[in-house]
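Data first, discussion second: the structure below is written as structure tokens.
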């Protein structure tokens with residue numbers, strides 16, 4: 001599946017897998033944590049800073065773990081990953097594209113009000 005197909009697939013089902021108030025509130029904190037960790041990891045690599053790199057990677061792992069816990073509160077669980085590459089692609093595209101789109105389109109606020 002190409003990146004554009006994956007993004008379309010994520011977007012079409014995103015509101016179905018993000019309805020729980022707990023999960024929505026958790027995502028609003030955890031996704032920025034992942035993004036900051038991701039940027040900090042790049043900076044750490046450029047600066048060759050092990051402490052920053054370890055902290056950045058830890059933030060990314062914690063963010064994904066928290067989001068996984070949030071999905072346990074959903075009535076419809078997310079689709080399972082089909083491979084390690086699928087997992088990485090889905091995680092990065094969701095964090096960098098799909099969730100921000102969900103948030104800035106107003107869908108996050110609508111979902112929060114409905115549930």
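A Förster radius of 25 Å combined with the Cβ-Cβ distance from residue 105 to residue 69 puts the calculated FRET efficiency at roughly 0.50.
Over all distinct alpha-carbon pairs, what is the Kirkwood Rh of the range 3-114 in angstrom? Could you put the intermediate results ahead of the total?
On the way: mean 1/r = 0.0683 Å⁻¹.
This gives a value of 14.6 Å.
Ellipticity at 222 nm from helices only: DSSP H runs of n ≥ 4 in the chain, each -39500 (n - 2.57), divided by the residue count, give -25000 deg cm²/dmol. Please work out the FRET efficiency for the pair residue 19 and residue 54, using the Cβ-Cβ distance as r and a Förster radius of 35 Å; give the result to the nearest 0.05. Efficiency at R0 = 35 Å is approximately 0.50. Angle between the Cα long axis of helix 50-71 and the longest principal axis of the chain, 0 to 90 degrees, nearest 10? Computed tilt is about 10 degrees.
Only Cα pairs under 8 Å and 6+ residues apart enter the sum, and on that basis the relative contact order of the chain stands at 42 percent.
Full extension of the chain between residue 113 and residue 45 gives 20.4 nm of extra length, using 0.36 nm per residue less the Cα-Cα distance.
Bear in mind these aren't lab numbers, they're just calculated from the coordinates by the rules spelled out. The model shown is predicted, which means the values in this text are computed figures rather than measured ones. A quick note on method: Cβ atoms are made from the backbone with ideal geometry, for glycine too, and the neighbour counts reach across all protein chains shown.
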